[in-house]
């Protein structure tokens, strides 16, 4: 390694000597050209002097030598890309320096100087991180010629602070820095959920393949060796930004889709239960007409004597009364996993066990009914404050098999339940007393009798049905069970 450095150093001495001979001419040109060109000429003079100082001062550190070489080569190429006529007297000499450095640096990225124009990167924001002021100056000048918005940081710590405060499109990151090195900065960027997609191009004089592979595995988009060719850098930056912009577009689309799905869920959730919305959105077959046989527990409830209670109320008070009651009942039913089939005025038809299957749908339904009756006290307290009538609700529960699925036509359909057990539930609800929960014998058999307190059975002769139905009032949860 030391032998190769010394061999390169001999070549750099020749380049340094060539550059020092050109310094007086370059300095004299600054008095007769534009301010921008004068700045670039002055920067090249200072870079040549730093290279000469490094070479003649016995510098054998490859990283420092390459930094000095990169500065001379970079400023030389910038001047060669300029069309200013003031450069004509020294263009050949500058080209000779750039070409000599390309041959002596012996790195894959040290391509010969080219006259190819750099692509404009207007609107691109780039963070350049390097601990050497001359490297920051060179890169800033080069990127500004590409119409970039350049931000600089002279340490890894400052770079991370800047990234936390403002967005950028790409990061050019030096590998060897004091404090926090480039590898650690790269690792922190890729570990940050907000910064993970940010393109990072490593720029270093480290040619060890293990270093390069390590950075790529951590997440670097590219690894360029010093001195960096301006045209190649321009192409790599453009490629990285394109990838970032495609990623940003994908993120925007994803956010829009999430917002649209949320809107759909919230909107349709006002008309059908969350379980049905989930069935439609998650399963392509959810919109197909048809159904299947399911064992469920059906619930029917309504307000006793509702028509009589509200016949003298103005419409807005009737709506307030209904919305308050139905809003509270809806929340409770959905909380217990029920699916609301429909509202029939003041009546509610719901089911437990479809479309989301449950092995304990009967117990879910009974617990739900108990909470619904308990909630009536709060509803009536609010009604009393508003001068509205006192309400009494009856609830019927029945367990059995129904056909559950999409019912209707291709133009308009609903998820519902049909079958004999729906009619049975309706007949039980007709017989339920105000403030009562009345369950069928099938529901009683499906629940844990030690959990709930159930009253004495009674029979009813259901209209349109053969035989008698045996039903049981649920008193509440068995506190001694």
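Values quoted throughout were computed directly from the atomic coordinates according to the rules given, and no laboratory measurement underlies them. Given the structure is predicted, the values throughout are model-derived calculations rather than measurements. Please note: Cβ atoms are built from the backbone with ideal geometry, for glycine as well, and neighbour counts cover all protein chains shown.
Applying 0.36 nm per residue to the separation of residue 292 and residue 179 and subtracting their alpha-carbon distance, the gain on full extension is 33.9 nm.
Identify the residues of the stretch 313-352 with backbone N under 17 Å of a label point that sits 7 angstrom from the Cα of residue 418 along the Cα-to-Cβ direction, or state none. Those under the cut-off are 341-342. The packing ranking, built from the mean of other Cβ atoms within 10 Å per residue, places the peptides 347-355, 135-143 in the order 347-355, 135-143, highest first. Contact order, relative form, for the stretch 125-246: 22 percent (alpha carbon pairs under 8 Å, 6 or more residues apart, mean separation divided by residue count). Just check the stretch 282-477 against the gyration tensor rule for me: Cα atoms, a ≥ b ≥ c as the square roots of the eigenvalues, rounded for a/c under 1.5, and otherwise prolate or oblate depending on whether a/b exceeds b/c. Judged from the Cα gyration tensor, the stretch 282-477 comes out oblate (a/c at least 1.5, b/c at or above a/b).
For the pair residue 125 and residue 35 in one chain, pulling the backbone fully straight at 0.36 nm per residue adds 29.9 nm over the alpha carbon distance. Ordering of 230-236, 370-376, 381-387 by packing is 230-236, 370-376, 381-387, highest average first (other Cβ atoms within 10 Å, averaged per residue).
Sorting 357-366, 68-77 by their mean Cβ neighbour count within 10 Å, with the most densely packed peptide first, gives 68-77, 357-366.
Its relative contact order, with pairs defined as Cα atoms under 8 Å and 6+ residues apart, puts the stretch 311-417 at 20 percent. Seen through its C-alpha gyration tensor, with square-root eigenvalues sorted a ≥ b ≥ c, the stretch 138-200 comes out oblate because a/c lies at 1.5 or above while a/b is not bigger than b/c. Residues 247, 336 in ascending order of nearby Cβ atoms (within 10 Å, fewest first): 247, 336.
Rounded is the label for the stretch 125-246, because the ratio a/c of its alpha-carbon gyration tensor axes (a ≥ b ≥ c) stays below 1.5. Note on 402, 451, 424, 296: ascending count of other Cβ atoms within 10 Å places them as 451, 424, 402, 296, the fewest first.
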